[in-house]
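Down below is the structure, laid out as structure tokens.
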Amino acid sequence: MAINNPSREEIGQILKKAKRIAVVGLSDNPQRTSYMVSKAMQSAGYEIIPVNPTVDEVLGVKAVKTLKEIEGHVDIVNVFRRSEYLMEVAKEFAEIDADVFWAQLGLENEKAYNFLKDKGYTVIMDRCIKVEHALTK
């Protein structure tokens, strides 16, 4: 089965409804794409939760080591980890029961996609959340 993202209209609805975005692999380096994208989403009004075991804080928010450490509901899990790690993140995602699994531009893993779709989750891969937000505002 190929990766089939929701339509741009559906993505727009997801982004309008979402409030909390957990960002897996969020770097504290302002030069990294994960930082720039997350900063833009934070500036747009989303609550950003950094998920990275190697940093203490990003964008003024205390980081957590894993998705399971997040208290409360997560609307979108935005992933900035190489494609080969997406299955590992997908399994943890399924344990916290967030709404949308989002792998950033250039990232996709058919096994992780099928695993999550079979469980009924909304999955977006190989799309930039910042670009989609700008296109669907």
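The values are calculated or read from the model by the stated rules, or taken from the named source; none is laboratory data. Keep in mind the model is a prediction, meaning the values are calculated, not measured. For neighbour counting, all protein chains shown are included, and Cβ atoms are generated from backbone atoms with ideal geometry for every residue, glycine included. Just the protein is used for accessible areas: all its heavy atoms, side chains included, with ligands, DNA and RNA removed. Shrake-Rupley method; radii C 1.70, N 1.55, O 1.52, S 1.80 Å.
One table, with the values for the structure above:
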{"quantity": "Kirkwood Rh and Cα Rg combined as Rg over Rh, evaluated for the chain", "calculated": "0.92"}
{"quantity": "Rounded to the nearest 20 debye, dipole of the chain from Cβ charges on Lys, Arg, Asp, Glu", "calculated": "320 debye"}
{"quantity": "Sequence-distant residues sharing a close amide H with residue 106 (under 5 Å, placed H)", "calculated": "126, 127"}
{"quantity": "Total formal charge among the other residues, if their Cβ is under 10 angstrom from that of residue 96, Lys/Arg +1 and Asp/Glu -1", "calculated": "-3"}
{"quantity": "Carbon/sulfur fraction of accessible area - the chain, other protein chains in place, 1.4 Å, %", "calculated": "46 percent"}
{"quantity": "Cα-based Lys proximity count in the chain, under 14 Å, for pairs eight or more positions apart or on separate chains", "calculated": "9"}
